[in-house]
1. Return the residues of region A:511-522 that are assigned to a strand (DSSP E or B) and not aromatic (Phe, Trp, Tyr); say none if nothing qualifies.
2. I'd like to check something: does region B:69-89 contain any residue that is of a type in the set (D, E, K, R) and closer than 23 Å to B:LYS55 by Cβ?
3. Taking A:LEU109 as the residue in question, decide whether it is part of a loop (DSSP other than H, G, I, E, B) and over 30 Å from A:PRO528 (Cα atoms).
4. Looking at A:PHE78, A:PHE104, A:PHE68, which one is in contact with a Gly (Cβ under 9 Å, 6 or more places away or on another chain) and of a type in the set (Phe, Trp, Tyr)?
5. Scan region A:376-383 and give yes if some residue there is more than 14 Å from chain B (Cβ to nearest Cβ) and at pLDDT below 90, otherwise no.
6. Looking only at region A:17-59, count every residue that is more than 30 Å from A:ALA82 (Cβ to Cβ) and of a type in the set (Ser, Thr, Tyr) and tell me the total.
7. Quick check: anything in region A:522-542 surrounded by fewer than 16 Cβ atoms within 10 Å (Cβ to Cβ) and over 30 Å from A:ASN562 (Cα atoms)?
8. Which residues, taken from region A:285-308, are modelled with pLDDT of 75 or more and at the interface with chain B (Cβ under 9 Å from one of its Cβ atoms)?
Amino acid sequence: MVPSLGYFALCLSLCFAVLQLLISIKNNSVVFVTYRVVINGLLISSLISFFSLIFCYAVSDFTVLNVFQNSHETKPLFYKIAAVWGNHEGSMLLWILVLTLFNFFIFRLYSKKNFLFISKVLQTQSIVIIGFVIFSILTSNPFERITPSQNSGLGFNPILQDPALAIHPPLLYVGYVGFSAAFSFAVAVLSSNNIEKIPWYSYMKPFVLFAWTFLTIGIALGSIWAYYELGWGGWWFWDPVENASFMPWLLGTALLHSLIVAEKRKSLQAWVLLLSILSFLLSVIGTFLVRSGILTSVHAFALDPSRGIYILGLTAFLGCYSLILFATRSNKFIRKNYFSFLSKEGSILVNNILIVVVCSTVFLGTIYPLLVEIFTSNKISVGEPYYNSTVIPIIIPAIIIMGIGPMMNWEKENGKKYLKKIIPAFSITCLITLLIFSIYQSFSFIGVMGIILAFWLISNNLMILIKKEKNYLKSMAVAHLGVGLLILGITGSSVWQKEKIINMKINDKVNVVKYNIIFEKIIEITGPNYIAIQGNFLVYDGKENIIAKLKPEKRFYPITNNITTEVAIDTNILRDLYIVLGKGNENDGWIVKIYYNPLVIWIWIGALTVFLGGVISINNNLKKLKILL
Amino acid sequence: MRKKTLIIPFAIFLLILIAFFNLLLKERNPSDIPSNLINKKIPEFEAKSLLRSEKFLSVEKFGNEVILVNFFATWCKPCRDEHVYIKRFSDEKKIKIIGINYKDKSQKTIQWLKKLGNPYSNIPIDKNGRIAIDWGVYGIPETFVVSPKKIIKYRHVGPITKKSFEKINLIINEIKNDN
């Protein structure tokens, strides 16, 4: 019953989306009420469809193929529900729901002053929705039945049973899909004739902020999961799927900042339009790369070539339409008012270009193996060394400017006055940098650069926050402070990481940095749906005091025949001690991996702070928008 | 001039699109691992033979007919899974199969073959994994198709499944027809 209802609601969504498209085309003759009915209907039918699937998972309805393949009756309810978006079909349904939610909020902007324009935005948005609903119905129907009905599900991967991972996909989708609003706005702006009086950049900004903020926290949670669950000692691996989320984030960051310039100075409008189009296209291309099976990655989804063709076709349609529109009509948005390099907008523009260059570099690295395969029959993979040697040199000047730019005035800044402004932050940075190096005593170039940049951002943004200066936005200072903390953590954990992989028997002792670690014992334990062996390690500091007892596990899940490793981590504000229990037995000993990861916690604190800055800014912008309407 | 530069994003997009379509329509498996040994002569080796007292010399045993080389071990579960297909190659298709016993205990292997049946015409022992290194083995099980002229024609990484069984058969028939 419920699966049929869900499927019916999905088809109904398609009808409403088509209706919305028709109404928006014949805009003049339609009354507001009809519009509202269609848009609410679209939202409600997608909600019903999505919650039907959640219900099927919650009651473990194994007559549904999707539930049978991805759930198991022994799983805790929370993970049963999280399994809805842990697979391709379910996640597409969530994707559609988020699209219709944004559609609903775009409609909230509708007023007498702007109805022609908003109608154009809704038109593009409905085309995107139609594209994805048809995709779901034709190639990835989540409500497909299975005969004969099954008694037990195939379970899902136990490494996915993690709270960070359970909420990571929805946040990411809000991010990706949020850019669809920016895309629809951009297409509407390009195809409208009388746009001068409409503050479209102010309409667009809250949507972009929303998408960007959620993308930030979504990516951070993915990293947290990788760090705690995978047991590889790191938190970012330049995997194609990680890149697929990082690229829209980069363009989103650029878009956000150029939107500020567009709003304040009415310049950079064509640039804003291009970035809006590209951020969404990159989100869709990212989805294509992940779901078509064209690349191999740790995030493998079930593969089906027809899906790849469909998504690529949709991407082609959306991309060609919007970019041809851009090529032919963006001319009128280009103004020839050049501005000074020494100004707020000057620094934003330079940073925008640097960010776009970083994004192109990452894109090239991601698809390079594919390009090589087209022209030769060789297989290559692009890894960390490429990204480290290309991304870091471009990002360093960008971060320097990030510290300098916000303190400048709009239009033009006086050089001498400016120097006075930055002296306090500059001196604090020098002091702390010296202090840090007396603690860690490691002098690699990247390390020095990273620490200077981090404290440069932290000190000048903290000063803005402490002094409560009216000239600066609190949200900006908070978000930039977060980036400073993030850089601190990234630098510490990548430059000063120490790794030891050794074979240990019971009572063996190993020394890592200033800690002595003793392998005390190994015990067998039983969990709710797994059995495990657990290693007990005692960590002594230099003065022979026990500071931590770490218990990494190796779990075996009989249902799916899976073995997973559970990392044990001792965290404080200066470092993580990270222990992974590997293969072994009583006689030969166990392989133990021990990582000393400095400052990792600051990565998470930093990301959370950036998120907080985003939330504050969303709030401010919504208030501004209310005044505008 | 300015108008022309605005077309650049579209042009780049189009190129990327063409590249993606090209890859999508091409029959390829992203997890395929190509071998440098394809269309090259087999790496020669000599080793003890499991069920015979004589020494195994690859110079003598290869040539004249299509031969499958299968790296296997009793401790490897996927090897057990693919065993049915290895047997079908020998029983139904009458293909000669050389099974290279990789880092294994001989006594265990003999038991294993007694239980599951022995499809191999000869079983050279690769005690320290030396032969596997020469053949560029990525992980066992792994199977190579060797032509009558001692040329490696195809390499399959991982257990043979129903699908790959058919594919390998096709390749064998092709080689037979060429000769």
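1. Within region A:511-522, A:ASN511, A:VAL512, A:ASN516, A:ILE517, A:ILE518, A:GLU520, A:LYS521, A:ILE522 qualify.
2. Taking region B:69-89 first, the residues of a type in the set (D, E, K, R) are B:77, B:80-82, B:87-88.
Among the residues that remain, those that are also closer than 23 Å to B:LYS55 by Cβ are: none.
Scanning region B:69-89 turns up no residue that is of a type in the set (D, E, K, R) and closer than 23 Å to B:LYS55 by Cβ.
3. yes
4. Working: A:PHE78 fails: in contact with a Gly (Cβ under 9 Å, 6 or more places away or on another chain); A:PHE104 fails: in contact with a Gly (Cβ under 9 Å, 6 or more places away or on another chain).
Only one candidate qualifies: A:PHE68.
5. The initial filter retains those residues of region A:376-383 that are more than 14 Å from chain B (Cβ to nearest Cβ), namely A:382-383.
Checking the rest, the ones that are also at pLDDT below 90 come to A:382-383.
Looking through region A:376-383, at least one residue is more than 14 Å from chain B (Cβ to nearest Cβ) and at pLDDT below 90.
6. Kept after step one, since they are more than 30 Å from A:ALA82 (Cβ to Cβ), are these residues of region A:17-59: A:18-38.
Now drop any that are not of a type in the set (Ser, Thr, Tyr), which leaves A:24, A:29, A:34-35.
Count: 4.
7. yes
8. A:ILE285, A:PHE288, A:LEU289, A:GLY308
The values are calculated or read from the model by the stated rules, or taken from the named source; none is laboratory data. The structure presented is a predicted model; accordingly, all values stated were derived computationally and were not measured. Glycine gets a Cβ as well: all are built from the backbone with ideal geometry, and neighbour counts include every protein chain shown.
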